[in-house]
Every structure is written in C-alpha cells, then in structure tokens.
Amino acid sequence: MSHKCNSVPLQVLDATFDDLVPLAVSKMPSSWGGLVAQSVRSYLDLNIAEKLIEYQGPILLIRRTRDEMISTDMPADSHPNLASNRGNNLLLKVLQFRYPTIVDNTTLPVMKEFLSGETFRQVQMLQEKQVEYEVCNDVISQHVAQNGTHYPMAIEVDQADLKVKLSLFLSRQYKNV
C-alpha cells in the first residue's frame with residue numbers, strides 16, 4: 001500500500017475507508033460482532049489508515065457521501081448518515097498524524113461536525129468560522145519553508161480560532177466531496 005509507494009507523487013483514494021472491521025461489523029447481525037471483528041483482523045486486515053499515514057506525499061480523498069457501503073449507519077428510509085461515513089475517519093486519522101498540533105481534541109469536534117454536514121452546511125461553516133484560504137495557506141507554507149515537508153508537522157498555533165480555521169482548511173485540502 002502507500003507506505004511502500006513513497007516514490008508515487010500523489011495518492012488519490014476514491015470511496016475509501018479507514019478500517020474494514022467497523023464496516024464489516026455494521027453489515028452483519030450484532031450478535032456476530034466479535035466473530036466478525038476477529039475474523040477480519042486475522043484473515044483480511046485492511047487497516048488503510050495505518051498504512052496511509054506512512055506515506056509522505058500529497059493525498060486527496062474522494063468521499064462518496066451517498067455510499068452506503070462505507071457508512072456504518074444506513075437508515076432504512078433515507079440516505080446514509082454522513083457522520084458514519086468511514087472516509088471521515090480516514091481523513092481525521094491522516095490529519096491527526098500529519099498535523100498533531102492542529103488536529104487535536106480541541107479541533108476534532110468542529111471537524112466532525114464539518115465532515116458530517118452536507119456541502120451547503122460545510123460552506124456555511126467555512127463562512128461562519130471566517131476561514132481565509134490565503135491566511136491558512138501562508139501559515140502552512142511558512143512552516144514548510146522553515147522546516148520541510150516531512151510529516152508529522154509540529155506547526156505551533158497559539159490562537160484557538162486560527163487552529164480551528166486551519167483544521168477546516170486542511171479538511172478541504174485533503175478531501176473532495
């Protein structure tokens with residue numbers, strides 16, 4: 001997987017997920033949960049997040065918001081619950097590894113709300129939080145110019161609101177709805 005592909009200039013992952021176990025467990029009867037989890041871990045361990053964080057190059061995740069296969073909550077009379085889309089979990093794990101000083105317990109609730117929203121809600125949140133792409137890009141670019149592009153990046157941010165803005169900016173940079 002990606003950890004063996006560091007010579008690849010870009011990873012584009014379409015309709016992917018962080019880990020097969022939560023998906024497999026959600027599709028089977030609840031009484032089989034333990035058996036399914038153990039079987040998947042033993043014979044078909046697809047922990048994509050674990051492998052992807054080892055990749056040092058650029059990543060773009062294409063999230064399928066209506067994909068019932070990568071969502072763990074699918075109401076019978078509706079579309080999949082966006083909060084249960086395992087692509088969200090993959091994005092959060094990658095960003096937590098790459099930017100641990102930005103994507104942490106203080107910014108995760110806002111990021112989860114952002115990723116759980118439809119596109120129009122995400123645009124609203126970016127406006128409400130006054131996320132300025134140029135400012136955020138400058139903060140990241142300055143760090144890269146001084147320290148290089150190796151992950152994880154320890155970008156020090158003292159202002160809580162800037163940290164939230166950067167976390168939402170990074171979410172948009174890595175994810176295509």
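List of remarks:
- None of 8, 12 is open to solvent by 60 Å² or more (accessible area, probe 1.4 Å), modelled with pLDDT under 85 and β-branched (Val, Ile, Thr) except 12.
- Matching residues in the range 35-49 - criterion: being touching a helix residue (DSSP H, G or I) at 6+ places or on another chain (Cβ under 9 Å) and exposed (fewer than 15 other Cβ atoms within 10 Å of the Cβ): 39, 44, 45
- Residue match in the range 107-120 (condition: in contact (Cβ under 8 Å) with a residue 12 or more places away in the chain and at positive phi): no
- The residue that is nearest to residue 85 (Cα to Cα), among those in the range 149-177 that are without any contact (Cβ under 8 Å) to a residue 40 or more places away in the chain and open to solvent by 30 Å² or more (accessible area, probe 1.4 Å), is 173.
- Residue within the range 68-77 that is crowded, with 18+ Cβ neighbours inside 10 Å, at pLDDT 95 or above and β-branched (Val, Ile, Thr) present: no
- Considering only residues in the range 95-127 that are assigned to a loop (DSSP other than H, G, I, E, B) and β-branched (Val, Ile, Thr), the one that is surrounded by the fewest Cβ atoms within 10 Å (Cβ to Cβ) turns out to be 106.
- Residue count for the range 128-137, restricted to those that are surrounded by 16 or more Cβ atoms within 10 Å (Cβ to Cβ) and not in a loop (DSSP other than H, G, I, E, B): 1.
The values are calculated or read from the model by the stated rules, or taken from the named source; none is laboratory data. Quick caveat: nothing in here was measured; it's all calculated off a predicted structure. Virtual Cβ from ideal backbone geometry, glycine too; neighbours counted across all protein chains shown. Areas reflect the complete protein model, heavy atoms only, side chains present, ligands, DNA and RNA absent. Shrake-Rupley method; radii C 1.70, N 1.55, O 1.52, S 1.80 Å.
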